[in-house]
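Colleague: Can you keep this structure in mind? I'll have questions shortly.
The values are calculated or read from the model by the stated rules, or taken from the named source; none is laboratory data. These figures come from a predicted structure and were not determined experimentally. Don't worry about glycine lacking a Cβ; one is built from the backbone with ideal geometry, like all the others, and counts go over all protein chains shown. Keep in mind that these areas ignore ligands, DNA and RNA; they rest on the heavy atoms of the full protein, side chains included. Shrake-Rupley method; radii C 1.70, N 1.55, O 1.52, S 1.80 Å.
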Amino acid sequence: TVTYAEPLRLLEDVKAWGGNPLATRRRGLLGRAAYRRMLDALEASRRADGTLPLTFEVVYGHAFRPAPRKTATGESIIRFDPPRR
């Protein structure tokens with residue numbers, strides 16, 4: 001969780017990270033009334049210490065591709081691995 005003193009700074013970081021702070025994402029530009037409602041909603045989420053929280057989760061994944069069973073020329077690859085103890 002990262003905290004901010006001003007909602008505009010929070011929105012700048014969200015934009016820089018490629019996110020969209022609206023739950024109902026729009027494809028077009030945001031009107032003045034909708035923008036004001038968004039700022040009001042952010043203000044309503046202020047903590048007792050006066051900061052605005054922004055919570056996010058970083059997910060990291062890693063995968064391996066299985067070893068090929070055939071060569072580029074079409075020959076089969078047979079592996080003889082020693083037994084595991």
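Colleague: Go through the chain and name the GluC sites (Glu not before Pro) that are in a DSSP coil and have 10 or fewer other Cβ atoms within 10 Å of their Cβ.
Modeller: Details: sites: GLU12, GLU43, GLU57, GLU75; in loops: GLU57, GLU75.
Qualifying residues, ordered by number: GLU57, GLU75.
Colleague: Right, something else. How would ARG84, ARG46, ARG9, ARG37 line up by accessible area, probe 1.4 Å, largest first? Could the numbers behind the result be given before it?
Modeller: Working: ARG84 230, ARG46 75, ARG9 120, ARG37 150 Å².
Heavy-atom accessible area, descending, gives ARG84, ARG37, ARG9, ARG46.
Colleague: If you don't mind, there's one more thing I want to ask. Just to be sure I understand: with springs between alpha-carbon atoms less than 10 Å apart, which residue in ALA67, ALA16, ALA41 has the highest mean-square fluctuation in the Gaussian network model of the chain?
Modeller: In this elastic network of the chain, the residue with the biggest mean-square fluctuation among ALA67, ALA16, ALA41 is ALA67.
Colleague: If you put +1 on each Lys and Arg Cβ and -1 on each Asp and Glu Cβ, how big is the dipole of the chain around its Cα centre, in Debye rounded to 20? Write out the running numbers ahead of the final one.
Modeller: On the way: 16 positive and 9 negative charges, 98 e Å.
Charge dipole of the chain: 480 debye, to the nearest 20.
Colleague: Probe radius 1.4 Å, ligands and nucleic acids left out: which of TYR4, TYR35 has the largest accessible area, and how do the rest follow? Intermediate results must be reported in sequence, preceding the final value.
Modeller: Details: TYR4 15, TYR35 90 Å².
Ranking TYR4, TYR35 by accessible area, largest first, yields TYR35, TYR4.
Colleague: Using only the alpha-carbon atoms of the chain, report the extent along each of the three principal axes, biggest first, to the nearest angstrom.
Modeller: Sorted largest first, the three principal extents are 66, 37, 18 Å.
Colleague: In addition: What angle, in degrees between 0 and 90 and rounded to the nearest 10, separates the Cα long axis of helix 32-44 from the longest principal axis of the Cα atoms of the chain?
Modeller: 80
Colleague: Probe of 1.4 angstrom, ligands and nucleic acids ignored: what's the accessible area per residue over the chain, in square angstrom? Walk me through the numbers before you get to the answer.
Modeller: On the way: 8020 Å² over 85 residues.
Here the per-residue accessible area is 94 Å².
Colleague: If you don't mind, another one. Over 10 Å intervals from 0, what percent of Cα-Cα pairs in the range 1-43 sits in each interval?
Modeller: Spelled out per bin, shortest first, that is 24, 62, 14.
Colleague: Let me ask you something else. For the chain, with a Gaussian network of springs between Cα atoms less than 10 Å apart, report the residue from LEU52, LEU29, LEU11 with the top mean-square fluctuation.
Modeller: LEU29
Colleague: A follow-up question, please. At a 1.4 Å probe, what is the % contribution of carbon and sulfur to the accessible area of the chain? Before the final figure, lay out the partial values.
Modeller: Working: 4350 of 8020 Å².
Here carbon and sulfur together make up 54 percent of the probe-accessible area.
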